[in-house]
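The values are calculated or read from the model by the stated rules, or taken from the named source; none is laboratory data. The structure displayed is predicted, hence computed values, not measured ones. Note: ideal-geometry Cβ built from the backbone for every residue, glycine included; neighbour counts use all protein chains shown. What goes into the accessible areas is simple: the full protein's heavy atoms, side chains included, and nothing from ligands, DNA or RNA. Shrake-Rupley method; radii C 1.70, N 1.55, O 1.52, S 1.80 Å.
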Amino acid sequence: MENVRKRIDRGFYNWGELVIRYKWLFVLGIIGMTAFMLAQFPKIQMDTSNEGFFKEEDPALINYNKFREQFGRDEMIVLMIHSNSIFNKEFLEKLTALHEEIEDTVSNINDVSSLINIRQTTGEADTLNVDDFLEEIPETQQELEEKREYALQHPLYKNLIISEDGQYTVVLIETDAYSSLDADGNPIQSEDFEESNFAGQSERELQPLTDAENSEIIHQINLIKEKYHAPDFQISFTGTPVVTDFLKRAMQQDMRKFTVLAVLGIVIFLFLTFRRIPGVILPLLTVILSLIFTLGMMSLTGVKIKLPTQVLPSFLLAVGIGAAVHMMAIFYKGYQEKGNKNEAIKGALEHSGLPIFMTSITTAAGLLSFSTAKVAPIGDLGKFSAFGILIALFMTLTLIPSLLAIIPAKSQKHHDAKGRKTVSDRILLTLGGFAADHAKLVVGAGMLLLIVAFIGISRLNVAHNVLTWFPEDTAIRQQTNSMDKNLKGSVSIELMIDTKKENGLYSPDMMNALDELERYTGQLEKDGKLFIGKALTLSTMLKEIHQALNGNSPEFYKIPQNKELIAQEFLLFENSGSDDLEDSVDSQFSVARFTAKAPWTDAIEYRSILDQIENKAKELFAGKADVMVTGMITLFAKTIDIMISTTITSYLIAGVVITLMMILLIGNLKIGLISMIPNLTPIIVTLGMMGFVGMPLDMFTLLIGSIAIGIAVDDTIHFFHNYRKYYSETGSSKLAIEHTLTTAGRAMLVTTIVLTLGFWIFMLAGMNNLFNFGLLTGIALLLAFLADVLLAPALLTVISPDKSG
């Protein structure tokens, strides 16, 4: 095995000769490929929607798209207006102006609803009148007071359009479900929409509203909102599209700012470490080019950037820079000792080429295990981060040697070249010496720490609530909470009840079942925090119609028990000119919509209420209709389910894949298995810490493990590769540890300090999720380093006999 390893090392030495000989060809080729990838950047697309967490084939997304094709978008943009005197003429005139300006000026709007145009269903003899509630604003205070009393008592209006205390009212804005652009970004002509039945049957496949279009809608409405906002007309701006857009902009701003600061910090530390400009530029260039190639490949393959994949620059910075730092550290060490630049380049490749190749391949294989994740952005991150790691490997083995051969360099003799130990050497040797001298103590302490960490993991919770990513004093978080408090909910559960036959919903049994489901959901509550604040369905409308056609008497606010009468009353409603039926039933009267509104909370809290509603609906409609549960709340809850399965499955696959790779690459079953202890320790301990402090595992903290295992594998392979090399030469475990720490250990220390400080800069971010991400990633990186300079030497000392004599 050692002979094979030596031949491979010699192969990397010969590779260095080849790169030096054709250095300009390599450089020009990489420049050409980079230009091609940069040309793909204008085609990069973003998707910050909640649907973006799901893969196209996911049943939850398929059901949601079926709902959207039939009934449009369930996510509402909400302007909630607070005033102590809503029903006075001045307020209502201002509300009318606001309503009309949104309708007239904002693009991609399907419907706007408010007190101005919400339906008022009344009857005169056998005539049904469906009018706008405030088609004309009353002139007298008495008429205004009558309108107020009517609104506060109307079952439809309460907690939908006006609060129970009458001090809050809302403007509900429903955007178009589909984009005005096709898949190629070209405007869709009106005839394309007319040809489509919103089931994907047009010649040009309709696309969901794009991220850019949603942002433009939010921007336009926000400008109008600021124009009308006043002390007696206080407007809160919320709704799922608004939260999503604010989240996207806040994260992009923080990610850009703190990634730049992290890079700046890394630049300073690299310069202080290597004291040469190439020592700073070349590692960073490697990471930047890997990022350019990765984003270019995402664009080429049509994969959109989603919220979690925005950490890709930080990820590649963390995992991709290590190989370059190792290469530069060994190059400068050899250059200082030999004074021959080309020999130093070839020597660096001979010494570090194999472990660099091994770490990159193993890390990429581990990351690819995440490509099977059911959470779409986690799967994307697994695939493209693995691609980026392989590009960083390619750049480390080609571009860095080529540029080192081209750039003039002068050998700089430092104290360590004269036999004196540097500060970093003394730190590393102290840690390694302690581990070797007290091996059993270190191993015992490590095992005890893992046991304690597993206890912490047992307390770990999974969470998905993007609203808590905002600080508590953020306007969007406060306004959404206010909406939930005063209007009893800001997100919805949607059900599609399909009778599978034309006019199947005229059945009194179906209407009674819908009415019973509405009453049942209104009584649901979980721990006093989660409840159904409003339920709406076709039976709600039928009761209004029946009451209106019976002298507007409240005692007739009920379901008529005659099929022909139900059909006749709905026909009268259709003939009244109202289009509200389109929001509740399909054109064949076979599929009904049921909407239940609830407060915004952690997705895991929704699971119980969702199960209760689904079970009750299936009980009520057994043998009558099929029930499909969907809507934004359902997507939130399903996100938790796939997060849990992704966490377990992906980490198990990654662990198995990396273990097999370590055994294969180290060439020893026992040592390969033992090497996984320092690999997995930082992840286990970090997860345990999260469990003890009550920090949940969410979409961002889920990514920490993949970064930690990437760094841990990198350091572990470098340590074990060099240890085996020096152990075979000296026969002494302690000497092998010392030699390993004064070669590969230097780069491990530099990489750890650089990246830990870089990630801890994210703790200055305004977003809570980025603060947690930076804090925990930095801790995990430190733990990975300590596992490799304390636990790994101790384990190797225990299992390796001293052959030095």
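Tell me the label-point distance for the pair E525, L669, using the 7 Å Cα-to-Cβ offset, in nm and rounded to one decimal.
Going from the E525 label point to the L669 one covers 6.3 nm.
Where does each of K89, K227, K306 land when they are ordered by accessible area, with a 1.4 Å probe and the largest first?
Greatest to least solvent exposure: K227, K89, K306.
Compute the length gained on full extension between I799 and Q207: take 0.36 nm times their separation in residues and subtract their Cα-Cα distance, giving the result in nm to one decimal. Intermediate values should be presented prior to the final figure.
Working: separation 592, 0.36 × 592 = 213.12 nm, distance 6.03 nm.
Result for the pair: 207.1 nm of gain on full extension.
On average, how much accessible surface per residue is there in region 529-671, in Å², for a 1.4 Å probe, leaving out ligands, DNA and RNA?
About 42 Å² of surface per residue is accessible.
Please give me the summed charge of the neighbours of F719: other residues whose Cβ is under 14 Å from its Cβ, Lys and Arg +1, Asp and Glu -1.
Here the charged neighbours net out to -1.
Given only helices, namely DSSP H runs of n ≥ 4 each adding -39500 (n - 2.57), what is the per-residue ellipticity at 222 nm of the chain, to the nearest 500 deg cm²/dmol?
Mean residue ellipticity, 222 nm, calculated: -21000 deg cm²/dmol.
Just to make sure I understand: if all protein chains stay in place, what is the order of Y168, Y723 by accessible area at 1.4 Å, largest first?
Working: Y168 40, Y723 5 Å².
Most to least solvent-accessible, the answer reads Y168, Y723.
Full extension from E143 to S645: what is 0.36 nm times the residue separation minus their Cα-Cα distance, to one decimal in nm?
Working it through step by step, the gained length comes to 174.9 nm.
In whole percent, and with a 1.4 Å probe on the protein chains, what portion of the accessible area of region 395-549 is carbon and sulfur?
Using a 1.4 Å probe with all protein chains present, region 395-549 comes out at 55 percent carbon and sulfur.
Sort region 1-153 into rounded, prolate or oblate with this rule: let a ≥ b ≥ c be the square roots of the eigenvalues of the Cα gyration tensor; rounded if a/c is under 1.5, and if a/c is not under 1.5, prolate when a/b is larger than b/c, oblate otherwise. Could the numbers behind the result be given before it?
Numbers: a/c = 4.60, a/b = 3.39, b/c = 1.36.
Prolate.
Tell me, what is the 1.4 Å probe accessible area of M33, in Å² to the nearest 10?
80
Quick check: at a probe of 1.4 Å, how many percent of the accessible area of region 658-733 sits on carbon and sulfur atoms?
72
Net charge within 11 Å of T122 by Cβ-Cβ distance, Lys/Arg positive one each and Asp/Glu negative one each, not counting T122 itself?
The answer is -2.
T751: net charge of surrounding residues, Cβ under 14 Å, Lys/Arg +1, Asp/Glu -1, itself excluded?
-2
In what sequence, largest accessible area first, do F271, F293, F454 appear using a 1.4 Å probe?
F454, F271, F293
Can you bin region 21-76 into rounded, prolate or oblate? Criterion: square roots of the alpha carbon gyration tensor eigenvalues sorted a ≥ b ≥ c, rounded for a/c under 1.5, prolate for a/b above b/c, oblate for the rest.
prolate
I want to check the label-to-label distance for S608 and E93. Put each point 7 Å from Cα in the C-beta direction and report it in nm to one decimal.
According to this spin-label approximation, the distance is 5.1 nm.
Of all accessible surface on region 216-331 at a 1.4 Å probe, what whole percent is carbon and sulfur?
67
Rolling a 1.4 angstrom probe over the protein chains, ignoring ligands and nucleic acids, what is the accessible area of E472 in square angstrom, nearest 10?
For E472, the solvent-accessible surface is approximately 140 Å².
Accessible area per residue, 1.4 Å probe, Å², for region 22-157: what's the number? Could the numbers behind the result be given before it?
Numbers: 6760 Å² over 136 residues.
For region 22-157, the per-residue accessible area is 50 Å².
Roll a 1.4 Å probe over the protein heavy atoms and report the accessible area of H739 in Å², nearest 10.
Counting only protein heavy atoms, H739 exposes about 80 Å² to solvent.
Using 12 Å as the cut-off for backbone N distance, which residues of region 742-777 belong to the label zone defined by a point 7 Å from the Cα of V693 along Cα→Cβ?
Under 12 Å, as judged by backbone N against the label point of V693, lie 763, 771-777 of region 742-777.
Out of N772, T639, N722, whose Cα points farthest toward the positive end of the dipole of the chain (charges: +1 Lys, Arg; -1 Asp, Glu; placed on Cβ)?
Final value for the positive-end residue is N722.
Sequence gap at least 6, Cα distance under 8 Å: using those rules, report the relative contact order of region 276-416 to the nearest whole percent.
Relative contact order, region 276-416: 35 percent.
Calculated FRET efficiency, R459 and M763, Cβ-Cβ r, R0 30 Å, to nearest 0.05?
Taking R0 as 30 Å, the efficiency between R459 and M763 is 0.80.
Would you please report the Å³ per residue occupied by the convex hull of the alpha carbon atoms in region 459-535?
About 166 Å³ per residue, rounded to a whole number.
Points 7 angstrom from Cα along the Cβ direction at F233 and I277: gap in nanometres?
6.0
Which whole-number percentage describes the relative contact order of region 505-596, with Cα contacts under 8 Å and a sequence gap of 6 or more?
Averaging sequence separation for qualifying contacts and normalising by length gives 36 percent for region 505-596.
Multiply the residue separation of D509 and Q45 by 0.36 nm, subtract the distance between their alpha-carbon atoms, and state the gained length in nm to one decimal.
Extending this stretch completely gives an extra 162.2 nm.
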